[in-house]
Amino acid sequence: LSFLCYSITKMIKVILFSFLLLNEFISIYSTTSHIPPIPFPPIQNNLSKSFQTFLDSKILDILEEDATKLQLFDSSSHIHGKKTTYFISKNTKPRFSIEQFAFSVAAKLDYPEGLPNDIVGAEYWVQNKNSNDEIGFHYDKDEAHASLKWEMLFPDRATVTYFSDVGAPTVILNQTTNINGNLEIPAIPDNGFLSFPERGKHLWFHGKAQHGVHPLLSQKSGKRTTLLINWWKRQPEPPNCIVLTENDIAKIKLRTISSRLLEKNWNPSIAKEIIPREISFEKEYEIEKKRIDIIVPPKDIITYYFPQTFDLSISTSIKFEFSGENIGKYVGFISEYDMNKQTQQNQIKYSKNLISFVFLNNSQRS
């Protein structure tokens, strides 16, 4: 009898322990299996703002001329084909038009309360593209550090200044990545901005935001020349980012803008914020749609369906947002499966939306 009581007691303990263990497993599963881990903060608010600077045409002409000269100056490329960019410390006196513009105009629009104390300076470079050229989607980062140490270090804010009204818009997505660049949040960006070129327009956006230029969104053909300025809390590393020497400036024949011309013709109160127009699904989408495939390196493809044409008479900045049923209707996600791509692993585990993965053998790759 005592043995029977002992066996029953032991069995009850085993059953109770098993129940508690199962309950704990269910609890852990229910709290983690449907909530993706967030090892770094997603982008919150302040994704982007744009302004018409109303700079005097003489100032814009000098800037565009110097931008063209600078773009032609150094055609060399670094590891992974990256191009040279330039840096000026906030403690250095600007020496020519682009450096003057960075601190006299851009800084006052990007940081209306004044440059934060922890901003050390500005990185700048130029892009001169045809309207049918694509600028692949990417994150601005310290390119030398990323190439040599495989870590993503981002600017505080990134900016674009346009010298023409032609070419495709800058597309800014509410998507960011981690320090290793193998995990995007969110996996499918559900909102963002299209900033169409407009001469004298200045755009800033979150330094960690995914962005690029897709030629199929171009509304006008021609040369698309832009000046890029990024604000940093640490100076990007050489050899990708360098400081122009006085000899370089003299050799390129870069010009200065007279302080009289700048002070007489521009101050921050002249600039006007461009209020983005929100896309109307009902009116614009049902008329005519255009499929845009955005390739997010290395292998993810996000498919958007945008209007065929945009009315830019109201605003050259467009805000778009997809939610609910519009996610499946106007946004898709497809990818070649990559077990090292953490974004895909999270999509498999946590996404409530339909996900497509394409499995390719070596003969199908291109």
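Which one of these does Ser315 not meet: (1) at pLDDT 80 or above; (2) assigned to a loop (DSSP other than H, G, I, E, B); (3) touching a strand residue (DSSP E or B) at 6+ places or on another chain (Cβ under 8 Å); (4) open to solvent by 20 Å² or more (accessible area, probe 1.4 Å)?
Tallying (1) at pLDDT 80 or above; (2) assigned to a loop (DSSP other than H, G, I, E, B); (3) touching a strand residue (DSSP E or B) at 6+ places or on another chain (Cβ under 8 Å); (4) open to solvent by 20 Å² or more (accessible area, probe 1.4 Å), Ser315 fails exactly one: (4).
Can you find, within region 234-250, the residue that is most open to solvent (accessible area, probe 1.4 Å) among those that are in contact (Cβ under 8 Å) with a residue 60 or more places away in the chain and part of a helix (DSSP H, G or I)? Give the steps one after another, and end with the answer.
Filtering region 234-250 down to residues in contact (Cβ under 8 Å) with a residue 60 or more places away in the chain leaves 234-244, 246, 248-249.
After this cut, where a residue has to be part of a helix (DSSP H, G or I) as well, the list is 246, 248-249.
Numbers: Glu246: 114, Asp248: 35, Ile249: 15 Å².
Among them, the one singled out is Glu246.
Any idea which of (1) without any contact (Cβ under 8 Å) to a residue 60 or more places away in the chain; (2) assigned to a loop (DSSP other than H, G, I, E, B) is the one Pro189 doesn't satisfy?
Tallying (1) without any contact (Cβ under 8 Å) to a residue 60 or more places away in the chain; (2) assigned to a loop (DSSP other than H, G, I, E, B), Pro189 fails exactly one: (1).
Report whether or not Gly121 is modelled with pLDDT of 95 or more and either surrounded by fewer than 20 Cβ atoms within 10 Å (Cβ to Cβ) or over 22 Å from Leu312 (Cα atoms) (or both).
Yes: the conditions hold for Gly121.
For region 204-233, which positions are closer than 27 Å to Leu72 by Cα, in a loop (DSSP other than H, G, I, E, B) and open to solvent by 50 Å² or more (accessible area, probe 1.4 Å)?
Residues satisfying the conditions are Gln219, Lys220, Ser221.
Under the condition of being surrounded by 20 or more Cβ atoms within 10 Å (Cβ to Cβ) and among the small types (Gly, Ala, Ser), which residue from region 165-199 is farthest from Lys272 (Cα to Cα)?
Ala187
Among the listed residues Ser30, Ser97, Ser89, Ser77, which satisfies the condition of being exposed (fewer than 13 other Cβ atoms within 10 Å of the Cβ) and at pLDDT 95 or above?
After applying the criteria, what remains is Ser89.
Filtering region 140-152 down to residues that are assigned to a loop (DSSP other than H, G, I, E, B) and at pLDDT below 95, which residue is surrounded by the fewest Cβ atoms within 10 Å (Cβ to Cβ)?
In this case the residue turns out to be Trp150.
Gly207: modelled with pLDDT of 95 or more, touching a Phe, Trp or Tyr at 6+ places or on another chain (Cβ under 6 Å) and not aromatic (Phe, Trp, Tyr), yes or no?
Yes, satisfied.
The values are calculated or read from the model by the stated rules, or taken from the named source; none is laboratory data. These numbers come from a predicted model, not from an experiment. Here Cβ is always computed from backbone atoms with ideal geometry, including for glycine, and neighbour counts include all displayed protein chains. Areas reflect the complete protein model, heavy atoms only, side chains present, ligands, DNA and RNA absent. Shrake-Rupley method; radii C 1.70, N 1.55, O 1.52, S 1.80 Å.
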